[in-house]
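Have a look at the structure below, then the notes.
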């Protein structure tokens, strides 16, 4: 196989995980002065990363669990990696499946920096871990110098292309939102909808609709000139509709059925503020500079707090039930108090 200096990042994760890993990609691009290829999975990764600065080729797996000989996508990626050649590789998954694919592709362990060998340090944020790994080199690299230097930046970053802006402008016009400042709300999460609406209350990323309804009414009262847009994916549309009926707030836009990833990112870059559960859109909002309030459940804010290079305000809320971290322990008044204190994007720009 050919040898090359172009980095490869292997990360198969949820939407938010892929936003966080942009901190690693950005650092590697700066140090190697080369685009970074990405091996990933999920329908969100390619539309999220495609066209982002420093991102080269993207190969996406449909499933890591399918046996290799029954998975044409795995075999295609192995062939492509063999054609690509051996180079410095950052393995950011603890799952063995992607490591086995690298072995099949002939990528030696001495050409990898494996996250399993460099676990999180106490109190370390995920983006700090990725930036730390970007400062390491595979053993096979030896003493060869690098052409570039670290960026020194912190957090994750997403840029919105002209095509995304144009798509969003057309979408806003079609929905009558072109001239309105926007407040965005994300009440669902992939885990929220995994078991359907019947088991919402047993999910640790669920916050009751009655509390959300109170928050929406207060947002409408405080900002009558803003339009409120409910975010989400297709399965969350019905959940949003239930909230809309309960809150009885007009006008209220349920956009969960019409937000492909590039449009969602552009919308977050346009929004004046976001109130959300711990979710992928929360990380994307930080990456495009949208002020936000984030409700956390069991996940550790010190590890997964949304953190963007733009430095937009992020208010993290946590609660407890029976001494354990729980989103259900966050009182409605706590969210309302945070909302009253949150500076909007337009206010920050005017300051």
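Over the Cα atoms of segment 162-350, each weighted equally, I'd like the Debye log10 I(q)/I(0) at q = 0.19 Å⁻¹, rounded to two decimals.
Here the Debye-derived log intensity ratios amount to -1.46.
Rounded to the nearest 500, what is the 222 nm mean residue ellipticity of the chain from helices alone, with -39500 (n - 2.57) per DSSP H run of 4+ residues and division by all residues?
-10500 deg cm²/dmol
So how do 274-281, 105-112 stack up, highest first, on mean other-Cβ count within 10 Å?
Per-residue Cβ counts within 10 Å, averaged per peptide and sorted highest first, yield 274-281, 105-112.
Any chance you could list P(r) for segment 42-105, counting all Cα-Cα pairs in 10 angstrom bins from zero, rounded to whole %?
18, 52, 28, 1
Can you compute the modelled spin-label distance between residue 73 and residue 151, with each label point 7 Å from Cα toward Cβ, in nm?
With each label point 7 Å from Cα toward Cβ, the separation is 2.7 nm.
For segment 80-180, taking Cα atoms only, what is the radius of gyration to one decimal and the Dmax to the nearest whole Å?
19.8, 59
Label points 7 Å out from Cα along the Cβ direction at residue 303 and residue 242: separation in nm?
Placing both labels 7 Å along Cα→Cβ, they lie 2.9 nm apart.
Can you give me the angle between helix 72-84 and the longest principal axis of the chain, using Cα atoms only, in degrees from 0 to 90, rounded to the nearest 10?
Orientation of helix 72-84: about 50 degrees from the principal axis.
Provide Rg over Rh for segment 8-141; use the alpha carbon set for both Rg and the Kirkwood Rh (inverse mean inverse pair distance).
Expressed as Rg/Rh, it is 0.93.
Contact order normalised by length for segment 1-122, with contacts defined as Cα pairs under 8 Å and 6 or more residues apart; what percent is it?
29
Could you give the length gained on full extension between residue 118 and residue 332, defined as 0.36 nm per residue of separation minus the Cα-Cα distance, in nm?
73.1 nm
Please work out the FRET efficiency for the pair residue 140 and residue 190, using the Cβ-Cβ distance as r and a Förster radius of 41 Å; give the result to the nearest 0.05.
The computed FRET efficiency comes out at 0.65.
When ranked by the protection proxy of mean other Cβ atoms within 10 Å per residue, highest first, what sequence do the peptides 154-161, 54-61 form?
So the order, starting with the most tightly packed, is 154-161, 54-61.
Using only Cα atoms and rounding to the nearest 10 degrees, what angle (0 to 90) does helix 209-222 make with the longest principal axis of the chain?
Helix 209-222 and the main axis of the chain meet at about 70 degrees.
Provide the three semi-axes, in whole Å and in decreasing order, of the ellipsoid equivalent to the chain as defined by the square roots of 5 times the Cα gyration tensor eigenvalues.
37, 21, 20
Measuring from label point to label point, each 7 Å out along Cα→Cβ, what is the residue 320 to residue 58 span in nm?
4.1
Using alpha-carbon positions, what is the distance between the centroids of segment 1-75 and segment 265-317, in Å?
23
Extension gain residue 174-residue 80, at 0.36 nm per residue separation less the Cα-Cα distance, in nm?
Between residue 174 and residue 80, full extension yields 29.7 nm more.
For the chain, take the longest principal axis of its alpha carbons; what is the angle in degrees between that and the long axis of helix 162-174, to the nearest 10 within 0 to 90?
Taking the Cα atoms of the chain, the angle to 162-174 is about 20 degrees.
Quick one: length gained pulling residue 349 to residue 66 fully straight, 0.36 nm per residue minus the C-alpha distance?
97.0 nm
None of the figures in this text is laboratory data; all of them are computed from the coordinates on show. Because the structure is predicted, anything quoted here is derived from the model rather than measured. In this analysis, Cβ positions are derived from the backbone assuming ideal geometry, glycine residues included, and neighbour counts consider all displayed protein chains.
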